[in-house]
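A short write-up of the structure that comes next.
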């Protein structure tokens, strides 16, 4: 988020506003994740994206170290494998479960320990940029459960765990 900009200028508390959206070059998806966690407390996160950057991973590292995250599940696209493998050692320090699949979706699902849910559907990859990006943020249990079932199906039936791919690359080197 840019200096001098308040996230509250774009998003209101989830308890009062269960469906919100934005289109701006000011917010970063990591800002929105932190904002949800500040309202939910300790949570589990599922993320899908085409790719991830070192800068975004750095933000996730500090989010995870804040104690507000139980587990992070991540699905990235096969086409971004080389970039993902370059981030492998850092990625494994931050995210427990990483998978590769044919994926272009950008969805973040957050479920708090007390059962509250938030879904962020965004145009932004898990990267940092200064481009116009859009998102819809909702606390709808129906939207969350539908997308969580889809994400779990991708993980279980249509993906390769990154740890297996990385191990294969080491063995064939």
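Take the residues in the stretch 3-25 that are in contact (Cβ under 8 Å) with a residue 12 or more places away in the chain and closer than 26 Å to residue 70 by Cβ, then tell me which one is surrounded by the fewest Cβ atoms within 10 Å (Cβ to Cβ).
Filtering first and then ranking leaves 15.
What number goes with the only condition from (1) in contact with a helix residue (DSSP H, G or I) (Cβ under 7 Å, 6 or more places away or on another chain); (2) buried (at least 17 other Cβ atoms within 10 Å of the Cβ); (3) touching a residue at least 40 places away in the same chain (Cβ under 8 Å) that residue 28 does not pass?
(1)
Only one of 19, 14, 23 is farther than 20 Å from residue 144 by Cα and at pLDDT 95 or above; which?
Going through 19, 14, 23 in turn, the sole match is 23.
In the stretch 1-25, how many residues are out of contact with any helix residue (DSSP H, G or I) (no Cβ under 8 Å at 6 or more places or on another chain) and in a loop (DSSP other than H, G, I, E, B)?
11
Select from the stretch 152-173 the residues that are within 23 Å of residue 59 (Cα to Cα) and in a helix (DSSP H, G or I) and write down the one among them that is modelled with the lowest pLDDT.
163
Quick test of your reading of the structure: residue 55 fulfils all but one of (1) part of a helix (DSSP H, G or I); (2) touching a residue at least 40 places away in the same chain (Cβ under 8 Å); (3) surrounded by 16 or more Cβ atoms within 10 Å (Cβ to Cβ). Name the failing condition by number.
The single condition residue 55 does not satisfy is (3).
Does the stretch 127-144 include one or more residues that are surrounded by 12 or more Cβ atoms within 10 Å (Cβ to Cβ), touching a strand residue (DSSP E or B) at 6+ places or on another chain (Cβ under 8 Å), part of a loop (DSSP other than H, G, I, E, B) and modelled with pLDDT under 95?
yes
Only one residue in 92, 119 is farther than 16 Å from residue 37 by Cα and either loosely packed, with under 14 Cβ neighbours inside 10 Å or in contact (Cβ under 8 Å) with a residue 12 or more places away in the chain (or both), so which one is that?
Step by step, each of 92, 119 is checked, and only 92 is farther than 16 Å from residue 37 by Cα and either loosely packed, with under 14 Cβ neighbours inside 10 Å or in contact (Cβ under 8 Å) with a residue 12 or more places away in the chain (or both).
Restricting to the stretch 105-126, what's the tally of residues that are over 16 Å from residue 19 (Cα atoms), assigned to a loop (DSSP other than H, G, I, E, B) and either at pLDDT 95 or above or in contact with a helix residue (DSSP H, G or I) (Cβ under 6 Å, 6 or more places away or on another chain) (or both)?
Residues flagged as over 16 Å from residue 19 (Cα atoms), assigned to a loop (DSSP other than H, G, I, E, B) and either at pLDDT 95 or above or in contact with a helix residue (DSSP H, G or I) (Cβ under 6 Å, 6 or more places away or on another chain) (or both) within the stretch 105-126 amount to 7.
Looking at residue 35 and the list (1) in a helix (DSSP H, G or I); (2) in contact with a strand residue (DSSP E or B) (Cβ under 8 Å, 6 or more places away or on another chain); (3) crowded, with 20+ Cβ neighbours inside 10 Å, which single condition is not satisfied?
All conditions are met except number (2).
Is the stretch 43-62 home to any residue that is modelled with pLDDT of 95 or more, more than 11 Å from the chain's Cα centre (by Cα) and under 24 Å from residue 145 (Cβ atoms)?
Looking for residues that are modelled with pLDDT of 95 or more, more than 11 Å from the chain's Cα centre (by Cα) and under 24 Å from residue 145 (Cβ atoms), one finds at least one in the stretch 43-62, hence yes.
The values are calculated or read from the model by the stated rules, or taken from the named source; none is laboratory data. What you see is a predicted model, and the numbers here were worked out from it, not measured in a lab. Neighbour counts are summed over all protein chains in view; Cβ atoms, including those assigned to glycine, are modelled from backbone coordinates with ideal geometry.
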